[in-house]
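The values are calculated or read from the model by the stated rules, or taken from the named source; none is laboratory data. Predicted, not measured: the structure shown is a model, and the values here were computed from it. For neighbour counting, all protein chains shown are included, and Cβ atoms are generated from backbone atoms with ideal geometry for every residue, glycine included. Ligands, DNA and RNA are stripped out before the accessible areas are found, and what is left, the full protein with its side chains, is counted by its heavy atoms. Shrake-Rupley method; radii C 1.70, N 1.55, O 1.52, S 1.80 Å.
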Amino acid sequence: MLGIYIHVPFCAKICDYCDFRVMPANTRLFEEYTNLLEREILTFSEAHPNALSQARTLYLGGGTPSILPSGCLERIFAALENCGVRVRELDEVSMEFNPESCTGEIVETALACGVRRFSLGLQTFSQELLDRIGRRHTVERGFEALNLLTSFTQAKVSADLMFDLPGQTVDSFLSDVDRLSDFPLGHLSFYGLNVGERTRLGGRVSRGEENIDDSLYEPMYLGGVEILEKKGFVRYEVSNFAKSGDESIHNMNYWNRGEYIGFGPGAHSFFDGLRFCAPEIYPRWRDYVKADSPVASLTYDELDADDIMTERVWLSLRQRSGLDLKALDSEGIIFSPEGYKSWVDKGFVTVENGVLKLVDRGWIFMDSIVTDVLNSVAL
Ligand code: SF4
């Protein structure tokens, strides 16, 4: 399956923990960015005439796609349509929203363009925590955005929370999960905070001004899972929960090693068996697009057979569907059960019908389990 990803690099304010390819919104750049994106899409489609019409999903992420003016959003969709993407026939069209830029106008425009899945970044319902991690929006604005998005029945809605934030208690996080899951959502995600060294928050942590209590990770994660499962959500990936039929098709394609084409600064692609990435710094991406996207400016991630197997193990074990040992066996890749026996004995991993899956507290130890599974390949 082929997916299309559009990266919108602008945010109203850079959050203190942000480690993504983003920049503070400069409204003077919106038109230029849209012009460049149109050109990048057109250049790609001229080089690969039938590729974009094969796409099944479209995802606008960032950054903050909802920060774009309606006219820019309409032009991006028109550019895709002009290059063969039949937006209304796609299996899924998603767009990310942040509360501070989630207005009735941009939501209506998104729907008119063909968006049928909204993804809202809320992170927490605690104002103190929002301030502490440098988020732009208020709790009140978060609820307003949630109410607005869920009032449109034409689209599915997903929302994100974060946990293991500095100063966050287990009760506070579980109360967030409980409140959020009472809204009419079919999909919910929560992610443990990962403190990058180069971020403002990372600086405060390294200077001892903030502290992340790692011991709270497990009770928060497992407690959140328990609440969602009681409310009918299924964990189909380590951080993603859905009611039946509301799983993210676009993201599942990533985890299943399907192909995707990314447009925008730093957007990644996996196409024709190659993983590559456009220049990440905006001025370099601008030069790259103006030069008609020369292949020499892309950064390639060369994958050998070992890299591919490593990807397959990581991407499979993070999903509920697990790692199909039988399928790998038929390709001559054999894992020695001794390598992961200790996890089976602890009840953190099961092997049923030749499929290895994380269960119970195994999800907490995913990284260690994956490492042991990879080390168990019989050479
Ligand atoms: S909204 Fe997301 S992408 Fe934008 S600065 Fe905050 S964490 Fe980064």
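Does the range 240-252 hold any residues that are surrounded by 14 or more Cβ atoms within 10 Å (Cβ to Cβ) and of a type outside the set (A, V, I, L, M), and which are they?
ASN240, PHE241, LYS243, ASP246, GLU247, SER248, HIS250, ASN251
Considering each residue of the range 64-117, count those that are among the polar types (S, T, N, Q) and crowded, with 23+ Cβ neighbours inside 10 Å, and give that number.
The total comes to 4.
Could you check the range 298-379 for strands (runs of 3 or more DSSP E) lying wholly inside it with 3 or more residues that are surrounded by 15 or more Cβ atoms within 10 Å (Cβ to Cβ)?
Hits in the range 298-379: 349-352, 355-358.
Name, by its number, the condition in (1) touching a strand residue (DSSP E or B) at 6+ places or on another chain (Cβ under 9 Å); (2) hydroxyl-bearing (Ser, Thr, Tyr); (3) in a helix (DSSP H, G or I) that does not hold for SER269.
It is condition (3) that SER269 fails.
Quick one: what pairs do we get from the range 232-249, first residue more than 18 Å from MET162 (Cα to Cα) and touching a residue at least 12 places away in the same chain (Cβ under 8 Å), second open to solvent by less than 50 Å² (accessible area, probe 1.4 Å) and part of a loop (DSSP other than H, G, I, E, B), C-beta under 7 Å, 6+ apart or different chains?
LYS243/GLY186; LYS243/GLY232; LYS243/PHE233; ASP246/GLY186
For the subset of the range 209-224 comprising residues that are part of a helix (DSSP H, G or I) and open to solvent by less than 30 Å² (accessible area, probe 1.4 Å), which member is farthest from PHE190 (Cα to Cα)?
Out of the qualifying residues, it is GLY223.
To keep it simple, each residue is scored yes or no on (1) over 19 Å from VAL195 (Cβ atoms); (2) open to solvent by 40 Å² or more (accessible area, probe 1.4 Å).
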{"site": "GLU226", "(1), (2)": "yes, yes"}
{"site": "GLU229", "(1), (2)": "yes, yes"}
{"site": "ARG235", "(1), (2)": "yes, no"}
{"site": "VAL238", "(1), (2)": "no, no"}
{"site": "TYR254", "(1), (2)": "yes, yes"}
{"site": "GLY264", "(1), (2)": "yes, no"}
{"site": "ALA267", "(1), (2)": "yes, no"}
{"site": "PHE276", "(1), (2)": "yes, no"}
